[in-house]
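Everything on this sheet refers to the single structure shown next.
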Amino acid sequence: MRPGKFSDTGQAFPIYITVVGGLLFLAFAYLAVGQAAVNRNGAQTAADAAALAAAQETRDELADVWAENVLDPAKWQAIFEGEVTGIGSPCWRAEELAARNDARVLNCGPQGPLGFTVEVETNKPVGDSIVPGTADKKSRATAHAVIEARCGLPPEDSGDDVLPQLTCEDRDWVLDPDHLVDLPEADDLFDVHLADWEADNE
């Protein structure tokens with residue numbers, strides 16, 4: 001009986017090697033997928049941060065323009081809609097934030113007066129893996145950020161010598177033209193958030 005036992009063991013050994021080899025291949029494959037997913041997530045994080053930074057830079061400039069024109073309410077609505085001139089490109093802020101997240105900006109530009117789209121690429125590739133052609137492949141991602149005014153103006157005319165009450169969501173700002181203190185900040189006037197550009201334009 002012993003020869004038969006050793007014979008069965010010898011036949012099972014190649015099967016064992018095949019199964020272990022297959023499991024190792026699957027493990028390396030899952031590792032490669034994980035590496036790619038981490039790289040893509042890093043790209044998306046960088047794109048989100050860059051788009052938000054660009055929008056926030058423009059929001060701050062719009063707030064400065066509003067403060068400069070606080071005594072001219074006729075201009076407020078245009079400012080809240082982003083219809084102003086003289087505001088510089090905020091893409092330098094997008095480049096800063098992308099670099100902090102180990103990526104670089106490929107494209108940066110406005111989408112309408114109150115939106116920005118930024119595309120980035122990671123600086124580091126996916127790295128060595130068993131998947132051919134991925135070692136030098138870098139991940140790309142795109143993000144869109146929008147600016148929305150938090151404030152609305154009352155329809156009635158307050159008169160030439162009185163500034164209209166500024167209502168920003170759940171807060172009312174009563175502005176005295178003779179004592180312009182405690183003015184709303186940029187984040188009181190505008191909200192900045194990520195958005196789906198395609199969904200916004202359907």
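Only the coordinates and a few stated rules stand behind these numbers; no lab work does. Since this is a predicted model, take the numbers as computed values, not measurements. As a convention, Cβ positions derive from the backbone with ideal geometry for all residues, glycine included, and neighbour counts pool all protein chains shown.
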**Item:** Per-peptide average of other Cβ atoms within 10 Å, ordering 98-111, 41-54, 75-88 highest first
**Value:** 41-54, 98-111, 75-88
**Request:** When you have a sec, figure out the Kirkwood radius of the stretch 54-121 from all distinct Cα pair distances and drop it here in Å to one decimal?
**Result:** 12.9 Å
**Message:** At a 10 angstrom cut-off on C-beta neighbours, averaged per residue, how do the peptides 172-180, 114-122, 59-67 rank from highest to lowest?
**Reply:** 114-122, 59-67, 172-180
**Prompt:** What is the set of long-range amide H partners of LEU175 at a cut-off below 5 Å, with H atoms built 1.01 Å from backbone N?
**Reply:** LEU166
